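Report on the structure given below.
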Amino acid sequence: MTPTDKPQSPAASPARREFLRQGGLAAAGALVLAGGLTLVSRRPAAARTPALAGAQGLPARVYTGPYDTKEPMSALGDITGYNNYYEFGLDKSDPARNAGTLKTRPWTVQIGGLVRKPQTVDIDTLQSWFPLEDRLYRMRCVEGWSLVIPWMGFPLAALLRRIEPGSGAKYVQFTSLADPAQMPGVQGAVLNWPYTEALRLDEAMNPLTLLAVGLDGKVLPNQNGAPLRLVAPWKYGFKNIKAITHITLTAEQPRTTWSIAAPDEYGFYANVNPAVDHPRWSQASERRIGELSRRPTLPFNGYGEQVAALYSGLDLRRNF
Ligand code: MTE
């Protein structure tokens, strides 16, 4: 990764238009998926602010939960048009242009390893198990830019409780789809495919850690990681793996894509830390996409109150 932070204009791909059309079908507070399943946010319709209703007549989302940032949401065009998703190309505008053809239904997720209830589950079944929550989170990319993103999903902890980690389980590993037929980037050896990531089990159980299936109350756009994507907002964006096909509990710390690619630059923990520079650039500040000047980067991306205790006794310079 390089610190290129020039914003690109969002591409209005056919898939993007189809996504908006799907969104336009949504009834108040509900999200109708391609598979016909309806996702209902746990937030009551009465809590919505009609004055903020979007141009398409969709209900506005409200973000007043304990984990929601008070900062303004980034422009949707930036969130869906300025992406990192190397399976679809290296430029920030490539994912919006190329990911539309990714087939996200049918889609199964294999959950296994050290769990008491291993299973292979269809994505629509998986997301029907949990009430979906709206979460407005900051995202800080290791390259030095950031966004404020309105995710919709369910806590990873809820899934882990359901599948019951075995006694030896210490880590949760995630694997992305790597299908060269659908993902042009996978035809090259840019990274060690499939993209993999992992969290320590206690990080995975933290209430902030989300599995996202939606964005701004609608189906997650392909370029943002449909149909299932990890969100751990106190970590650099590269931990937030997209298009998850496998969730595997392990006893040993799994190897992860970016730490394999450049072990001196990208660690396993990847907690946002303004005090530890990337070997090639400073991490002290960031540029919020859509703004001109830079702002200071906060330890744990501003989520220290919720997560700092996870790392007490750990040297965060060595465990970067
Ligand atoms: N997941 C996969 N499978 N492939 C990727 O290239 N890029 C990561 C992460 N998840 C990536 C991925 C990086 S570097 C970042 S910064 C975030 O996705 C970007 O998420 P966004 O495009 O939704 O903003």
| note | Full extension between E252 and S293 adds, at 0.36 nm per residue less the Cα distance, a length in nm of 10.6 nm
| field | Neighbourhood net charge (12 Å Cβ-Cβ; Lys/Arg +1, Asp/Glu -1) for V115 | value | +3
| field | region 148-297 - percent of accessible surface contributed by carbon and sulfur, probe 1.4 Å | value | 53
| remark: Taking a ≥ b ≥ c as the square roots of the Cα gyration tensor eigenvalues, with a/c under 1.5 meaning rounded and otherwise prolate when a/b beats b/c or oblate if not, region 66-208 comes out oblate
| note | Residue span A309 to S285: 0.36 nm per residue of separation minus Cα-Cα distance leaves a gain in nm of 6.3 nm
| Roughly how many whole Å is it from the C-alpha centroid of region 239-291 to that of region 180-208? | 11
| message | If I take every Cα pair under 8 Å that is 6 or more residues apart in region 236-308, average their sequence separation and divide by the length, what percent do I get for the relative contact order? | response | 21
| Going from most exposed to least, what order do R294, R135, R161 have by accessible area with a 1.4 Å probe? | R161, R294, R135
| said: Leaving out ligands and nucleic acids, and using a 1.4 Å probe, what accessible area per residue does region 161-200 come to in Å²? | reply: 45
| field | Heavy atoms of E286 accessible to a 1.4 Å probe, total area in Å² rounded to 10 | value | 10
| query | Does region 179-260 classify as rounded, prolate or oblate by the C-alpha gyration tensor (a ≥ b ≥ c root eigenvalues; a/c under 1.5 gives rounded; else a/b over b/c gives prolate, otherwise oblate)? | reply | oblate
| Residue pairs, from the table K117/K235; K218/K242; K70/K239; K117/K242; K92/K242; K92/K239, whose Cα atoms sit over 20 Å apart | K117/K235; K70/K239; K117/K242
| note | For K103, the aspartates and glutamates lying under 15 Å Cα to Cα, once residues fewer than eight places off in the same chain are dropped, come out as E18, E87, D122, D124, D179
| Counted charge near R162, where neighbours are those whose Cβ lies closer than 11 Å (Asp, Glu -1; Lys, Arg +1) | +2
| Per residue, in Å², the accessible surface of region 258-319 once ligands and nucleic acids are set aside, probe 1.4 Å | 53
| task | Could you tell me what percent of the accessible area of region 65-123 is made up of carbon and sulfur, with a 1.4 Å probe and every protein chain present? | result | 55
| field | Where D91, D122 fall by accessible area, highest first, once all protein chains stay in place (1.4 Å) | value | D91, D122
| When all protein chains stay in place, what accessible area (Å², nearest 10, 1.4 Å probe) is found for Y303? | 10
| query | Can you give the accessible area of D94 in Å² (nearest 10), computed on protein heavy atoms with a 1.4 Å probe? | reply | 20
| message | Could you work out the relative contact order of region 62-152? I mean the mean sequence separation of Cα pairs under 8 Å and 6+ apart, divided by the number of residues, in percent. | response | 29
| said: Taking a ≥ b ≥ c as the square roots of the Cα gyration tensor eigenvalues, with a/c under 1.5 meaning rounded and otherwise prolate when a/b beats b/c, else oblate, which class fits region 177-320? | reply: rounded
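The values are calculated or read from the model by the stated rules, or taken from the named source; none is laboratory data. Small disclaimer: the values here were computed from a predicted structure and weren't measured. With ideal geometry, Cβ positions are generated from the backbone for all residues, glycine too; neighbour counts draw on all protein chains shown. Note: areas computed on protein heavy atoms with side chains; ligands, DNA, RNA excluded. Shrake-Rupley method; radii C 1.70, N 1.55, O 1.52, S 1.80 Å.
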